[in-house]
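Every number here is computed from the coordinates shown, using simple stated rules; none is lab data. As the structure is a prediction and not an experimental result, all values here were calculated from the model. No Cβ is skipped: glycine too gets one built from the backbone with ideal geometry, and neighbour counts run over all protein chains shown.
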Amino acid sequence: QQGSSFATALPADGLRVGAAIEFADRAIGRQLYSLELTPQSFVEEIAPARTFGLRSQVDQLRAAGLIQGGCLENALVCDGDQWLNPPLRFADEPVRHKLLDLLGDLALAGLPQAQVFAFRGSHGLHTALAAALASLPWSLDCNHRATRAHQ
């Protein structure tokens, strides 16, 4: 947990991921999305989701040396009640991109066999969850059976 944000993971037979976001900007608002992750669901429902940002933060981020590769062709920009570069690929594209971020961060420690959910997630929160999962005294073998980790 970090402030009002949290992430959790519970053991499962496969990988099911979910995320919820909440923004004051009406174009984004509250969004929730979850799915059982398969190669097909990743390709069709998660991978196409572009990153997004707020128009009010673009100048500040660029001045800090961030988003240097960002442009209206590869990132969505929200300006309150509207998007500067519609159409969205999905009505809930922002929360799908948050799932993409979550999966990328968890992959750094190995994707778990779990039900994973993040509310108002961030890379910092996701990597903290990945580190916590990696530090558990058990792991899953190739047949998805829990085994004691080697010390």
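Springs join every pair of Cα atoms under 10 Å in this Gaussian network model of the chain, and among Ser122, Ser34, Ser56 the largest mean-square fluctuation is at Ser56.
What net charge do the residues around Asp25 carry, taking every other residue with its C-beta under 12 Å from that of Asp25, with Lys and Arg at +1 and Asp and Glu at -1?
0
Given the choices (1) 16.8, 53; (2) 15.8, 54; (3) 15.0, 53, Rg and Dmax of the Cα atoms in Å derived from the coordinates of this structure is entry (1). Rounded to the nearest 20 debye, the dipole size of the chain about its Cα centre is 280 debye, using +1 on the Cβ of Lys and Arg and -1 on the Cβ of Asp and Glu.
State the antiparallel share, in %, of DSSP beta bridges confined to region 1-87, rounding to the nearest 5. DSSP beta bridges in region 1-87 are roughly 70 percent antiparallel.
Given the rule -39500 (n - 2.57) for each run of at least 4 DSSP H residues, summed and divided by the residues of the chain, what is its mean residue ellipticity at 222 nm, to the nearest 500 deg cm²/dmol? Don't skip to the answer; put the middle values down first.
Numbers: 3 runs with 36 residues, N = 151.
My calculation for the chain gives -7500 deg cm²/dmol from helical runs alone.
In the elastic network of the chain, a GNM with C-alpha springs shorter than 10 Å, the most mobile of Gly53, Gly18, Gly124 is Gly124. A Förster radius of 35 Å combined with the Cβ-Cβ distance from Asn74 to Leu111 puts the calculated FRET efficiency at roughly 0.90.
Listed peptides 3-11, 57-65 appear in the order 3-11, 57-65 once ranked by packing, highest mean of other Cβ atoms within 10 Å at the front.
Look at where the Cα atoms of region 72-134 and of region 1-24 average out, and the two centres are 10 Å apart. You can think of it this way: the chain between Gln1 and Glu36 has 10.3 nm of extra reach, that is 0.36 nm per residue less the Cα-Cα gap.
Among the trypsin sites (Lys or Arg not before Pro) in region 1-59, those located in a DSSP loop and surrounded by at most 14 other Cβ atoms within 10 Å of their own Cβ are Arg26. Taking amide H atoms as placed 1.01 Å from N in the peptide plane, the amide H of Leu15 lies under 5 Å from those of Leu37, Ala114, each 5 or more residues away in sequence or on another chain. When each of the peptides 66-77, 125-136, 110-121 is scored by the mean number of other C-beta atoms lying within 10 Å of its residues, the order from highest to lowest reads 110-121, 125-136, 66-77.
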